[in-house]
Amino acid sequence: MLFLQQLVNGISLGAVYALFAVGFGVVFSTMRILNLAQGVYATWGALFAYWTVTEAGLPFAVAVLAGAAAGAVAAVAVDQIAFQPLRSRGGDQLLGTIITSVALWIALREAASLATGAAPLGFPPGTVPDGLLQVGGVRVLTTQLLAIACAVAVTAAIHLVLRRTRLGAAIRAVGHDRGAAMLGGVDPRVAILTAAALAGAATGLAGVFFAAGQTFTFGLGDGLLLHGFAAVVIGGMGDVRGAAFGGFLIGVIQVLSAQYISASFQDAITFGLLLAVLVARPRGLFRTVELGRA
Amino acid sequence: MAPTLRRRSLAALAAAIAAATLAGACTGGTEEGEVKIGFITALTGPVAFAGQTFANGIELAVDQVNREGYLGGGRRITLVKKEGAEKPSQAVDQARQLSVDQSVVGALCCILSPVAGAVKVVTSDAELPLNIYGATDLGLQDPPYVVRTTTLPQEANKRLARKVAEEARPASVAYVVTQDNSGWMSQLKSFQEGFAGTGVRDLGTVDTLAAQTDFSGAAGQLMAKNPEAIVISTLQQSTISLVKALRSRGYRGLLVTTEVVGSPGAFKAAGATLADVPFPVYFYAGKAGPAGQEFARAYRAEYGTDPDAYAAQGYMAAFMMATAVRNAGANPTRESVTKALSDIERLDDTIYGTVQFRDGQLYAPESIVHVTWTRDGRQREWAPAGAGAA
């Protein structure tokens with residue numbers, strides 16, 4: 001029974017990592033940017049959701065949407081302010097974008113610190129769905145179920161958008177070869193902005209569900225960044241389903257390793273798995289499908 | 001020749017101005033009767049929420065000392081504030097600046113133990129007396145140059161554990177700790193020592209990490225042990241998250257924790273889930289003596305809230321430094337303040353009542369009170385509602 005309980009806890013934690021990893025993967029596969037500022041989108045998503053319920057007095061459902069919107073706006077703004085000037089220079093700007101994203105990461109993190117006074121924050125009791133479902137001896141919180149459902153739905157939706165729509169084809173085309181996509185009539189700016197917004201919204205949702213059941217601070221996104229990055233590498237950069245799978249896997253491994261091995265080693269085990277995957281399957285577990293190929 | 005002479009005159013004037021500026025910077029330009037105390041603040045950075053409260057207490061004490069003429073002879077304390085953000089490198093830089101300013105005769109610093117450990121090396125090398133106001137790791141004080149007015153939580157935790165064992169009488173207890181932080185391990189040990197020999201069965205300890213942010217797994221581990229009481233010895237954010245995680249999953253046993261949840265900010269983040277969770281404090285206005293009551297009244301008047309343990313520690317740190325300055329004679333220097341600070345063995349009528357100093361560390365065991373939050377965000381003395389029942 002304890003194993004099942006911790007498995008559920010691991011899956012719900014993995015759902016948050018999955019949402020983050022999906023956003024991370026979309027950005028990398030379409031824009032070829034290793035965006036280290038991605039974690040801060042989650043922080044701002046959580047903050048806007050928190051303010052939506054505490055300052056505006058609106059229900060949690062609206063807060064979830066506000067968190068997703070905040071993440072999307074942050075992602076689009078960062079892309080246009082920091083990455084677009086580098087893209088416009090042409091050539092391989094991978095190193096430049098990494099350095100720029102570090103600067104944005106620090107700036108947005110400090111802004112969040114100032115906005116919150118570095119104080120711990122938490123959704124007040126009663127503002128987040130607080131139901132408790134008991135199946136046998138396994139307890140599942142409503143927020144855990146919502147996180148899992150949201151991760152599955154968002155992954156499926158983004159996958160369908162990228163695979164089954166003209167817009168998705170345009171995004172994939174730009175990710176594969178921007179010049180060729182332009183020759184084919186694709187507006188790369190629209191494709192990139194759409195990809196940034198989708199990624200930011202998914203990341204904002206990760207922040208909201210991460211913050212919903214506990215306290216959080218302006219540093220919320222830092223932990224998500226590391227685990228989200230590991231999830232993308234393990235699952236595969238080229239497929240949102242792989243990124244989501246990686247997220248769920250990491251969540252389960254973290255909780256079960258803390259339960260049955262040692263909490264001290266949970267990160268060592270997670271990132272050990274990352275190294276093992278990099279050695280054995282450098283393109284990730286889902287390497288057969290690559291989003292970059294239009 | 002005339003242009004050359006003019007150039008030489010201008011160069012000499014510039015050199016004189018530069019020398020005067022440097023001299024001013026080195027002495028800080030002390031006014032008559034002014035005694036400068038350095039204050040490395042933490043108004044930004046990872047613990048800014050606590051840093052503001054410590055600063056409130058320190059500034060209130062200095063205002064009071066100056067207003068009441070506590071130093072005598074028309075002297076008054078001026079705080080030389082330097083923002084250290086409670087980051088070791090930044091705080092050390094600020095400590096160096098204070099150290100080179102010879103007009104600064106004492107310093108107040110540090111909430112986090114690693115920061116205090118780094119800063120005290122710089123100030124001790126400069127023979128600048130330092131009073132640590134918030135860091136709790138054992139052994140940080142090092143007289144004559146480093147003293148500490150931080151109230152140590154270990155003794156308070158041990159007493160709370162004994163009270164819980166005697167009055168709530170849980171049959172069993174489980175612990176959860178921030179395993180990669182020596183301060184929290186030390187606090188865990190003090191709780192375990194308090195429960196030792198009381199007949200309360202120890203069901204073991206669940207480890208968490210300082211960087212950990214999800215506590216669903218830890219809550220599952222703790223509840224699987226089925227304890228009647230759980231002692232939480234973790235960082236503030238972890239503690240609040242654990243309380244939320246346990247209560248939201250239906251844990252109804254007794255939760256016991258440290259002073260870390262005593263600030264209004266902690267209650268704001270946790271809400272009513274913190275209600276009836278006992279924790280120890282050294283300052284509680286409801287049981288304080290006359291000086292403590294006056295401090296609480298003045299604090300409410302100035303800041304609009306009740307003072308918490310951090311505000312009290314800040315106040316006490318500044319008050320002790322002021323006492324050392326007063327005892328250091330008419331013209332206090334670093335040397336005389338160092339001696340006066342390390343000579344203090346006892347202070348009466350403080351906000352904690354009578355306090356003792358041993359080896360540079362403040363002790364105030366008689367002021368320990370076990371309190372809890374009420375559902376509407378007030379603090380009251382804790383009394384068990386009955387035997388803990390999981």
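The values are calculated or read from the model by the stated rules, or taken from the named source; none is laboratory data. These numbers were taken from a predicted model, which means no experiment stands behind them. Cβ sites come from the backbone with ideal geometry, for glycine too, and all protein chains shown count toward neighbours.
Brief remarks on what is shown
- Residue check, B:F54 in a strand (DSSP E or B), modelled with pLDDT of 95 or more, out of contact with any His (no Cβ under 6 Å at 6 or more places or on another chain) and buried (at least 24 other Cβ atoms within 10 Å of the Cβ): no
- Only one entry in A:A280, A:A263, A:A276, A:A268 is among the hydrophobic types (A, V, I, L, M, F, W, C), at the interface with chain B (Cβ under 10 Å from one of its Cβ atoms) and over 22 Å from A:A199 (Cα atoms), namely A:A263.
- Some residue of the range B:118-132 being farther than 28 Å from B:Q192 by Cβ, in a loop (DSSP other than H, G, I, E, B) and hydrophobic (A, V, I, L, M, F, W, C): yes
- Among the candidates B:A301, B:A270, B:A266, residue that is of a type in the set (A, V, I, L, M), over 15 Å from the mean Cα position of the chain (by Cα) and surrounded by fewer than 23 Cβ atoms within 10 Å (Cβ to Cβ): B:A301
- Enumerated helices (runs of 4 or more DSSP H) restricted to the range B:209-316, each holding at least 3 residues that are free of Cβ contacts under 8 Å to residues at least 60 places away in the same chain and away from every other protein chain (no Cβ under 14 Å): B:290-303
- Residue within the range A:234-245 that is among the aliphatic types (A, V, I, L, M) and either without any contact (Cβ under 8 Å) to a residue 12 or more places away in the chain or over 16 Å from A:G25 (Cβ atoms) (or both) present: no
- Number of residues in the range A:154-183 that are part of a helix (DSSP H, G or I) and either farther than 24 Å from A:M31 by Cβ or not aliphatic (A, V, I, L, M) (or both): the value is 11.
- The condition (being over 19 Å from A:L36 (Cβ atoms) and either within 14 Å of another protein chain (Cβ to nearest Cβ) or in contact with a strand residue (DSSP E or B) (Cβ under 8 Å, 6 or more places away or on another chain) (or both)) is satisfied by just one residue among A:F209, A:F218: A:F209.
- B:T205 vs. criteria more than 20 Å from the chain's Cα centre (by Cα), part of a loop (DSSP other than H, G, I, E, B) and at pLDDT 95 or above: no
- Some residue of the range B:190-199 being of a type outside the set (G, A, S) and in contact (Cβ under 8 Å) with a residue 60 or more places away in the chain: yes
- Residue identified as free of Cβ contacts under 8 Å to residues at least 40 places away in the same chain, touching a Ser or Thr at 6+ places or on another chain (Cβ under 7 Å), aliphatic (A, V, I, L, M) and buried (at least 19 other Cβ atoms within 10 Å of the Cβ) among B:V122, B:V115: B:V122
- Any hit, the range A:131-153, residues being away from chain B (no Cβ under 14 Å), touching a helix residue (DSSP H, G or I) at 6+ places or on another chain (Cβ under 7 Å) and surrounded by fewer than 21 Cβ atoms within 10 Å (Cβ to Cβ): no
- Residues of the range A:27-39 satisfying the condition of being assigned to a helix (DSSP H, G or I) and either farther than 15 Å from A:A74 by Cβ or of a type in the set (S, T, N, Q) (or both): A:F28, A:S29, A:T30, A:M31, A:Q38
- Residue among B:L255, B:L246 that is at pLDDT 95 or above and in contact with an Asp or Glu (Cβ under 9 Å, 6 or more places away or on another chain): B:L255
- Of residues in the range B:294-342 being modelled with pLDDT under 95 and among the polar types (S, T, N, Q), the one nearest to B:I77 (Cα to Cα): B:N331
- Residue list for the range B:166-208, restricted to those being acidic (D, E) and away from chain A (no Cβ under 11 Å): B:E166, B:E167, B:E193, B:D202
- Among residues of the range B:222-241, those that are farther than 24 Å from A:L225 by Cα and buried (at least 24 other Cβ atoms within 10 Å of the Cβ), counted: 7
- Top-ranked residue of the range B:304-346 - restricted to ones that are under 20 Å from the mean Cα position of the chain (by Cα) and among the hydroxyl-bearing types (S, T, Y), ranked as farthest from B:A364 (Cα to Cα): B:T305
- Residue match in the range A:221-233 (condition: within 11 Å of chain B (Cβ to nearest Cβ), in a helix (DSSP H, G or I) and more than 14 Å from the chain's Cα centre (by Cα)): no
- Close Cβ contacts (under 6 Å, 6 or more residues apart or on different chains) running from residues in the range B:148-170 that are touching a residue at least 12 places away in the same chain (Cβ under 8 Å) to residues that are of a type in the set (V, I, T) and surrounded by fewer than 19 Cβ atoms within 10 Å (Cβ to Cβ) comprise B:A165/B:T198.
- The range A:60-71, residues that are touching a residue at least 24 places away in the same chain (Cβ under 8 Å) and surrounded by fewer than 24 Cβ atoms within 10 Å (Cβ to Cβ): A:F60, A:V64, A:A69
- Residue in the range B:36-50 that is of a type outside the set (D, E), touching an Asp or Glu at 6+ places or on another chain (Cβ under 7 Å) and either assigned to a helix (DSSP H, G or I) or modelled with pLDDT under 65 (or both) present: no
- The set of residues in the range B:60-115 that are of a type in the set (D, E, K, R) and under 23 Å from the mean Cα position of the chain (by Cα) comprises B:D63, B:K81, B:K82, B:E83, B:E86, B:K87, B:D93, B:R96.
- Any hit, the range B:157-165, residues being under 30 Å from B:T41 (Cα atoms) and either within 14 Å of chain A (Cβ to nearest Cβ) or not acidic (D, E) (or both): yes
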